[in-house]
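Worksheet: one structure, shown below.
The values are calculated or read from the model by the stated rules, or taken from the named source; none is laboratory data. Just so it is clear, the model here is predicted, and its values are computed rather than measured. We place every Cβ from the backbone using ideal geometry, glycine too, and count neighbours over all the protein chains shown.
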Amino acid sequence: MGITKTDFMRGMQCRKMLWLDKHKPQMRVIPPETQARLDAGNDFGDRAMGMFGPYEEMTVYRKGTRIPDKKKMAEKTALHLQLGTPVICEAAFLYYNNYCAVDILRKTETGYDFYEVKNAPEVREQFIRDAGFQYYILQRSGVKIGRIFLVIHGPDEENPFVPVEITEEAKGLAPWINEHIWDLNRMQKQREEVETEMGEQCSCPYECWYIGYCRGETGSGTEQIRMEEL
Ligand code: SF4
């Protein structure tokens, strides 16, 4: 398998973090507050699917599990793009096995706009990078993308979905993504553990779940969520 949007962001924060995700995920210790934040984000994302009215959702799970079947999701998405479905949620794309699922694709006269939903009150740099990764995969998968938006959590709880356009910034990241995506692909597959000194990257932009492991404090971690759900 290639890498996902989450893999890319984690690998860019720390290459060892991505390597551990692939080779020693049992060493993660995920704080309960992080789990709660992820759950709240999933809930906000689910509610946002209906922000443009009726939609088709592409999520397909592997039989008997809650693990997304990426190949089937990409096939279903390709079908709906052919059909010209006006609003496609969790639209999935595979490009040389690198994968992303876009929260909302909305048809326009010339192609599709896309919306990345974030349960946060403001735009953050890492959100733009997320959208940049998705744009990279979509563009290379042949989808004509017009405008790109982040949907953030506004103050009105009756209508909390606030789109903020980030087209130029997100599209401008394509060369940066291309510069790193293939190197991360190679690195995640290598057998030897990546050696990295602990530093600022251990808590910025996100607290790392392997801090105990890298400090040599824990014999084992507790994997509490599947990476496919992030
Ligand atoms: S604790 Fe720090 S060095 Fe270790 S994997 Fe996490 S970010 Fe990298």
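At a glance:
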{"quantity": "Positions within the stretch 41-59 being outside any helix (DSSP H, G or I), of a type in the set (D, E, K, R) and over 11 Å from D103 (Cα atoms), in sequence order", "calculated": "E56"}
{"quantity": "Residues (in contact (Cβ under 8 Å) with a residue 40 or more places away in the chain and polar (S, T, N, Q)) located in the stretch 98-133", "calculated": "N98, N119, Q126"}
{"quantity": "Residue within the stretch 83-97 that is in contact with a Gly (Cβ under 8 Å, 6 or more places away or on another chain) and in a loop (DSSP other than H, G, I, E, B) present", "calculated": "yes"}
{"quantity": "Residue that is farthest from the ligand (Cβ to nearest atom) [pool: residues in the stretch 11-32 that are out of contact with any Lys or Arg (no Cβ under 9 Å at 6 or more places or on another chain) and aliphatic (A, V, I, L, M)]", "calculated": "I30"}
{"quantity": "Selection status of L38, assigned to a helix (DSSP H, G or I), in contact (Cβ under 8 Å) with a residue 60 or more places away in the chain, under 20 Å from the mean Cα position of the chain (by Cα) and within 16 Å of the ligand (Cβ to nearest atom)", "calculated": "no"}
{"quantity": "Test: residue in the stretch 220-230 that is of a type in the set (A, V, I, L, M), more than 16 Å from the ligand (Cβ to nearest atom), modelled with pLDDT of 95 or more and not in a strand (DSSP E or B)", "calculated": "no"}
{"quantity": "Some residue of the stretch 109-121 being crowded, with 22+ Cβ neighbours inside 10 Å and either of a type in the set (G, A, S) or touching a His at 6+ places or on another chain (Cβ under 7 Å) (or both)", "calculated": "no"}
{"quantity": "Meets criteria (of a type in the set (F, W, Y), surrounded by 13 or more Cβ atoms within 10 Å (Cβ to Cβ) and either more than 27 Å from P160 (Cα to Cα) or within 16 Å of the ligand (Cβ to nearest atom) (or both)) for F44", "calculated": "no"}
{"quantity": "Selection status of G216, over 21 Å from A92 (Cα atoms), modelled with pLDDT under 95, surrounded by fewer than 13 Cβ atoms within 10 Å (Cβ to Cβ) and not aromatic (F, W, Y)", "calculated": "yes"}
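Residues checked against (1) modelled with pLDDT of 95 or more; (2) buried (at least 20 other Cβ atoms within 10 Å of the Cβ):
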{"position": "W19", "(1), (2)": "yes, yes"}
{"position": "L38", "(1), (2)": "no, no"}
{"position": "P54", "(1), (2)": "yes, no"}
{"position": "V60", "(1), (2)": "yes, no"}
{"position": "K63", "(1), (2)": "no, no"}
{"position": "I88", "(1), (2)": "yes, yes"}
{"position": "A92", "(1), (2)": "yes, yes"}
